[in-house]
Amino acid sequence: MPDLTIGYAAALEQLTPTEAVTFAESAERHGFSGVMAADHFAPWVPAQGQSAFVWSVLSAIGQRTGGDLGPGVASAAFRVHPAIIAQAAATQEAMYPGRTWLGLGAGEALNEHVVAPRWPEVGERSAMLFEAVDLVKRLFDASLAGKDVKHAGEHYRMETTRLWTMPPAAPPVLVATAGPVNAKRAGRHADGIITPAAPREKLAMLLDRFAEGAREVGRDPATMPKVLQVHGSWAPTDEEALTAAMTRWPNGGMALPNGDVRSPHDFPAMARLVRPEHFAGRLLISADLDAHRAQLQSFADLGFDRVYLHDVGEDQQRWIEVFGREVLPTIRR
């Protein structure tokens, strides 16, 4: 079973590119291992205010840190063809061998609608995701073997080609999902799984389904990466922590599916319906470090081997220092 690592989730929806690099470097100095960041074209709400290009930021972070790097979720829906995502991921791994991984997800209208000719239903988006996973992995394998490959699928076409810049080994391809059907498919098709924090029972179910899928194709799920992104809000007082969550990350309390919402300007109206209790099981809001320790330990006990932490508060440096000193050293596999 892989060792547990706890990394920093750089929220590019909230941080400028320079801030993301600075805080990632600081997080590593304070005990965090690795950095993930999501591929967004827009923030969730206007108050977050940022949305830098994930590949540029991760490349800069790689120059300033020594841990692992991953686009927590890069979408192969419409903005970027899977072949181009594969090229970006291969280049990043060539620059930082042994450090990178590629996370693929089905995407959200918030980011994809800017170029999408239409926005498909959930089932079609899932089919697109797994076709993209297979395409990327075939392109990696062929390129490592010095061969060309082509693809003519239901959703994507790729003419005969290869990736000319390849690392010695391809980065692992992980699937981001919060649903049981796609978790099982991830076990069959991908190298690992990424999911956001949720109630313990749901996370245990997702890991079980992932393991079922892996075993069906003869793989050992114990050796496959299981990545968890944890959103939280810590501050010296509960009141400050709650204010940060309600103003800077209200999307964390939205129970309704938000994958079809097209504009960050649509979210504030939805956010007005969010109440503190809606964050339960999704985003821990507390000044009590013991509460954060207990939550993280429970995730480690479930079997996640990589956990990336995102604090929604504005004072990232204070949070990095406090968690690096008082929380991370207490969490054990």
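Computed from backbone phi, the HN-Hα couplings of the range 180-192 come to x, 5, 5, 5, 5, 5, 4, x, 7, 9, 9, 8, x Hz, rounded to whole numbers (Karplus: 6.51 cos²θ - 1.76 cosθ + 1.60, θ = phi - 60°; Gly and Pro given as x).
Contact order for the range 10-123, expressed relative to its length and based on alpha carbon pairs under 8 Å spaced 6+ residues apart, stands at 26 percent. Could you tell me the relative contact order of the chain? Use alpha-carbon pairs under 8 Å, at least six residues apart, and round to a whole percent. Across the chain, relative contact order equals 20 percent.
Element breakdown for the chain at a 1.4 angstrom probe: carbon and sulfur atoms account for 54% of the accessible area. Given in Å, the Rg to one decimal and the Dmax to the nearest whole number for the Cα atoms of the range 177-236 are 12.5, 49. Dipole check for the chain: with +1 at the C-beta of Lys and Arg, -1 at the C-beta of Asp and Glu, and the Cα centre as origin, the magnitude is about 740 Debye. Fraction of C-alpha pairs exceeding 35 angstrom in the chain: 16 percent, rounded to a whole number. When the trypsin sites (Lys or Arg not before Pro) in the range 272-303 are filtered for DSSP coil states and for at most 14 other beta-carbon atoms within 10 Å of their beta-carbon, the remaining sites are ARG272. Taken one residue at a time, the phi angles of the range 288-296 give Karplus couplings (6.51, -1.76, 1.60, θ = phi - 60°) of 7, 5, 4, 5, 5, 4, 5, 5, 5 Hz. Gly and Pro are set to x.
Label-to-label distance for ASP266 and ASP315 is 3.7 nm, based on points extended 7 Å past Cα in the beta-carbon direction. Per residue, the solvent-accessible area of the chain (1.4 Å probe, heavy atoms of protein chains only, all protein chains present) comes to 42 Å². Placing one equal scatterer on every Cα of the range 99-164 and applying the Debye formula, the log10 ratio I(q)/I(0) at q = 0.12, 0.27 Å⁻¹ is -0.38, -1.17. Evaluating 6.51 cos²θ - 1.76 cosθ + 1.60 at θ = phi - 60° for every residue in the range 103-111, the Karplus couplings come out as x, 10, x, 7, x, 10, 4, 3, 9 Hz, glycine and proline recorded as x. Considering only alpha-carbon pairs that sit under 8 angstrom and 6 or more positions apart, the relative contact order computed for the range 192-333 is 34 percent.
Is the range 1-155 rounded, prolate or oblate when judged by the Cα gyration tensor, a ≥ b ≥ c being the square roots of its eigenvalues, rounded requiring a/c under 1.5 and prolate requiring a/b larger than b/c? Oblate, because a/c is 1.5 or more while a/b does not exceed b/c. Here is how the number arises for the chain: DSSP H runs of 4 or more residues each give -39500 (n - 2.57), the sum is divided by the residue count, and the result at 222 nm is -12500 deg cm²/dmol. If you sort the three axes of the alpha carbon gyration tensor as a ≥ b ≥ c, you get a/c of 1.5 or more for the range 289-333 and a/b above b/c, which makes it prolate. Using the Cβ-Cβ distance between ILE84 and ASP288 with R0 set to 30 Å, the FRET efficiency from 1/(1 + (r/R0)^6) comes to roughly 0.10. Amide H contacts for THR5 (H built 1.01 Å from N in the peptide plane; partners 5 or more residues away or on another chain; cut-off under 5 Å): ARG306, VAL307. First check a/c for the range 209-333, with a ≥ b ≥ c the square roots of the eigenvalues of its C-alpha gyration tensor; if it is under 1.5, answer rounded, and if not, answer prolate when a/b is larger than b/c or oblate otherwise. Judged from the Cα gyration tensor, the range 209-333 comes out oblate (a/c at least 1.5, b/c at or above a/b).
The values are calculated or read from the model by the stated rules, or taken from the named source; none is laboratory data. The shown structure was predicted, so the numbers you read here are calculated from the model rather than taken from an experiment. Here the Cβ is made from the backbone with ideal geometry for all residues, glycine too, and neighbour counts use every protein chain on show. Accessible surface areas use protein heavy atoms only, side chains included; no ligands, DNA or RNA. Shrake-Rupley method; radii C 1.70, N 1.55, O 1.52, S 1.80 Å.
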